[in-house]
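The values are calculated or read from the model by the stated rules, or taken from the named source; none is laboratory data. Not measured: the values here are computed from a predicted model. We place every Cβ from the backbone using ideal geometry, glycine too, and count neighbours over all the protein chains shown. Accessible surface is based on the protein model in full, side chains and every heavy atom, while ligands, DNA and RNA are left aside. Shrake-Rupley method; radii C 1.70, N 1.55, O 1.52, S 1.80 Å.
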Amino acid sequence: TTFQDGGEEVEDGAIYNVTLKKVQIQQAANKGARWLGGEGDQLPPEHTVRQYETSKIRAIKAGTLEKLVENLLTAFGDADFSYISIFLATYRAFASPRAVLELLLDRFGNLETSSHGEVANLNSLESEMVLRAEIASVLRAWLDQCSEDFREPPDYSCLLKLLGYLKNNMPNSDMESRVQNLLKQFQNQEVEAVDGFCSTSSSDLADGEELEINNPEEFSSFQDHVVAEQLTYMDVMLFKRVVPYHCLGSIWSQRDKKENKNLAPTVRATITQFNAVTKCVISTVLGTRELKIQQRAKIIEKWIHVAHECRILKNFSSLRAIISALQSNSIYRLKTTWMCVSKDILLMYEELSEIFSDHDNYLTSRELLMKEATSKFANLDSSEKENQKKSQKRLQLQKNKGVMQGTVPYLGTFLTDLIMLDTALQDYVEGGLINFEKRRREFEVIAQIKLLQSSCNSYCLIPDQKFIQWFRRQRHLTEEESYKLSREAEAAADTNILSPKSQKSMVKRISTLFLGTDVFTPPKEQPPKSSPVGGSSGESTDSASVSSCEFNHSETEDVCMTPISSPEDPLKKVQLGPLHAAGSPKTLAQVSCKALDCSKGSIFDPGSGSDSGSIPSRGSGSVPSSAPKVLPVYNRQSGGSCIIRVSMDGLHASVYKSILITNQDRIPDVTQRALLKHNLQPDAVEDYELVQVISEDKELVFPRDANVFYGMNSHVNFDFILRKKA
């Protein structure tokens, strides 16, 4: 089979990519070979005759909402077999379920007045059956893949409308029975709030229970594999409930608006669980003042073992949460404690930390996730013989039980990829048509989430109520509390923090110190300032969580955690809590700017240039496509466009918004977009100035009408501040 680009076809309200597919349908012996009695498949090419068939594949590239909905009925005829799944997974970015349902049923599904092209003149029973089959196919896929779209308590108007249509047009069908059962199911359930496995509010505790500072003896009583299994159980339950469209950049990026405080609850729940694990690690290590250094080191060792067990269970979410907590400033600075951690365990920790290295766009964790997404067991490789033996022994125990493992990903990577796609690609193209190529790109990420959700059905874990209750009771320390306890445990005069000079694993630095081969002379340690993002007092408020970072890997429910350090700012403060692990803010923004390693190739291809706003000619599913064009990225100017990060003066640098700029944009345009992104009045442009951060003590202030693209310093991070004029 060969494919050939057939260009574009433009219709009223739609643009299609056309691909010609040439398929060999017959191979037979030529006349001379038949005379000799030969068979076609046994002869060399020069003695055979081949017959080919060429078919046309049309994939909609952009269109009005009406055309996109109509295409649901014609996609199979155009050989765009993945279109229905892509549309259903992404349409919430540009339309509501009611709008799509009304178009589908009232305009295209009316068997008497349908204007659908194939059956515009309903003169025969056959044509009516064709339309009925097409409608049924789309509705069946909708109910299979996105039944949550119809959960609209208390009136369930869309579901009732669908039920009325089926009673009139497909009475007594399986579809009608299915919709009735779904309606009963929704009506018999209360509005489904995600279970509060990770909640630490007193309302979630049993009568008489209170939040408590950690009891180290109680934590030590749980076996390592039990802790990992229970964390995995909670992660699996929450991840399986994630509604994929909640992760779309256009939806997730709107979470900080007041009216959207309940937006994407399934994603928020997963993030809250991640933060709860991180804070639990910190509270167990620092929550008890009376602990001796050796006892505190034993707790750190235990958490490293738990992280290793999470790795065996392929739970990358809790694994990263634990690593993130151990790399937080309050624990990282405990030099004497870390020197008491066994060398073998430090090396184990180093290998686990390297999984989340930010090198080459987190390539290690991406490749590992795709490699193990559908494998039965983890693929454990260790450079240390002792760790390798332990890993293989634990893995063999898992295999002997005959229980397959699923895979729980770190959701922050996917959220960042989708945010970057939403920033880099336009929602609409010339003529006001919806850019559906953007949705095809987004579906490549959504499909990975769905695949991993499906794999989670392989887990067979039983909840341990004793551990879950202990986990819920933990009192989470604020950033200030944990830092104060850390300084009490090891006074600053005796335990100056190491000054990391690269993004290498912290364990390497500790290992060299442990072996006596290197010593760093750090600058004077500074106590952390209070977090401006909110949540520093321990309250769990949506307003704090939604205003953290635009592509905060985790979008915290409390405070925003930035990484330990970066080469540019070796002593940058770490804020505790959310789904940031071991990367700098620069790294977080870059997570999708290189290659997203998936089965179909990279989302961002730096190979060729393209102006901002052009639609990438990339297909999806079975639809071939031409080579993808370059997309604008953070920290690099290409094709006359790039992505910058803009934070508001007075807020923490991690609270930023990503903005696409081109070589035509001047200060008023960029300032207006930044104000809109930060939910401020765009007509206040004259009151603000745009400043690029060059270094800690240098910044570039732009004149009023400057061209941002050409005026910016392209040799430093593309980080800007919007500041009110004096």
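At a glance:
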{"read-out": "Most to least accessible of Val693, Val267, Val429 (protein chains only, probe 1.4 Å)", "value": "Val693, Val429, Val267"}
{"read-out": "Distance in nm between pseudo-label sites at Asn172 and Lys257 (7 Å out along the Cβ direction from Cα)", "value": "4.8 nm"}
{"read-out": "Relative contact order of the stretch 220-484, defined on C-alpha pairs under 8 angstrom at six or more residues apart (%)", "value": "28 percent"}
{"read-out": "Gyration tensor verdict on the stretch 299-347 (Cα atoms; rounded if a/c is under 1.5, prolate if a/b is larger than b/c, oblate otherwise)", "value": "oblate"}
{"read-out": "For the stretch 220-484: rounded, prolate or oblate by the Cα gyration tensor [a/c cutoff 1.5]", "value": "prolate"}
{"read-out": "Between the stretch 220-239 and the stretch 329-366, the alpha-carbon center distance in angstrom", "value": "21 Å"}
{"read-out": "Percent carbon-and-sulfur accessible area, the stretch 637-724, ignoring ligands, DNA and RNA, probe 1.4 Å", "value": "48 percent"}
{"read-out": "Cα gyration tensor shape of the stretch 637-724, rounded if a/c is under 1.5, else prolate or oblate by comparing a/b with b/c", "value": "rounded"}
{"read-out": "Where labels lie 7 Å past Cα in the beta-carbon direction, separation of Glu488 and Asp106 in nm", "value": "6.5 nm"}
{"read-out": "Violating pairs (Cα-Cα greater than 28 angstrom) within the set Lys257/Lys724; Lys258/Lys724; Lys279/Lys314; Lys261/Lys450; Lys314/Lys343; Lys677/Lys724", "value": "none"}
{"read-out": "Contact order relative to length of the stretch 245-356, as percent, for alpha carbon pairs under 8 angstrom and 6 or more apart", "value": "26 percent"}
{"read-out": "Relative contact order (percent, whole number), the stretch 637-724, Cα cutoff 8 Å, 6+ residue spacing", "value": "35 percent"}
